[in-house]
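Single-structure report; data block below.
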Amino acid sequence: PWADAVPGLARLKKRYTIAPLSNGNISLLTNMAKRAGLPWDCVLSAEVFRAYKPDPAAYLGVADTFDLRPGQVMLVAAHHEDLAAARECGLRTAYIERPLEFGSTHPKDVAPQPGNDLHCTDFHALADQLGC
């Protein structure tokens, strides 16, 4: 995992429920969490909803699973298109910068985009902004 992921998520977990929403399958996500020590409360996959992101059923399925309104759920991601699709479904959004996601020879534009509720350099910054 990114160096900030495990300690940042641990801070967030003290106050919030953490569940990934990935197009990866549950087996992959479970193995990833186990190997990396990711402190997720629940492992969700788009396969559970039989709809893959950016299909609204995937994003809205998370809210339904936890008996929440979409506005009570925040998608945290490093991909603006994923966040835009979540916003269209009424979810709150937070962008995490990962400028070297594609390697140092292919730096990614991590400039703030309009519409996101939060823009953070890493999970520690997200925890700070959310009062954790």
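The values are calculated or read from the model by the stated rules, or taken from the named source; none is laboratory data. Keep in mind that this is a model prediction, so the values were computed, not measured. No Cβ is skipped: glycine too gets one built from the backbone with ideal geometry, and neighbour counts run over all protein chains shown. Side chains are part of the model used for accessible areas, which takes the heavy atoms of the whole protein and leaves out ligands, DNA and RNA. Shrake-Rupley method; radii C 1.70, N 1.55, O 1.52, S 1.80 Å.
Listed conditions (1) under 16 Å from residue 126 (Cα atoms); (2) touching a strand residue (DSSP E or B) at 6+ places or on another chain (Cβ under 9 Å); (3) not basic (Lys, Arg) are all met by residue 25, apart from (1).
Taken over the stretch 43-70, the criterion of being in a loop (DSSP other than H, G, I, E, B), of a type in the set (A, V, I, L, M, F, W, C) and under 19 Å from residue 92 (Cα atoms) is satisfied by 66, 68. Under the condition of being closer than 21 Å to residue 122 by Cβ, aliphatic (A, V, I, L, M) and crowded, with 16+ Cβ neighbours inside 10 Å, the residues counted in the stretch 34-47 number 1. Pairs meeting the criteria (first residue in the stretch 1-27 and basic (Lys, Arg), second residue part of a helix (DSSP H, G or I) and modelled with pLDDT of 95 or more, beta carbons under 8 Å, at least 6 apart or on different chains) are 11/123; 11/124; 11/127. When each of 114, 39, 107, 54 is tested for being under 14 Å from the mean Cα position of the chain (by Cα) and farther than 16 Å from residue 4 by Cβ, the lone residue that passes is 54.
This table checks each residue for (1) farther than 23 Å from residue 85 by Cα; (2) touching a strand residue (DSSP E or B) at 6+ places or on another chain (Cβ under 8 Å).
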site: 3; (1), (2): yes, no
site: 7; (1), (2): yes, no
site: 18; (1), (2): no, no
site: 21; (1), (2): no, yes
site: 42; (1), (2): no, no
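Each residue in the stretch 1-26 was checked for being in a helix (DSSP H, G or I) and open to solvent by 70 Å² or more (accessible area, probe 1.4 Å), and 1 of them qualify. Inside the stretch 77-132, residues that are within 25 Å of residue 61 (Cβ to Cβ), open to solvent by 50 Å² or more (accessible area, probe 1.4 Å) and either in contact (Cβ under 8 Å) with a residue 40 or more places away in the chain or charged (D, E, K, R) (or both) make up a count of 5.
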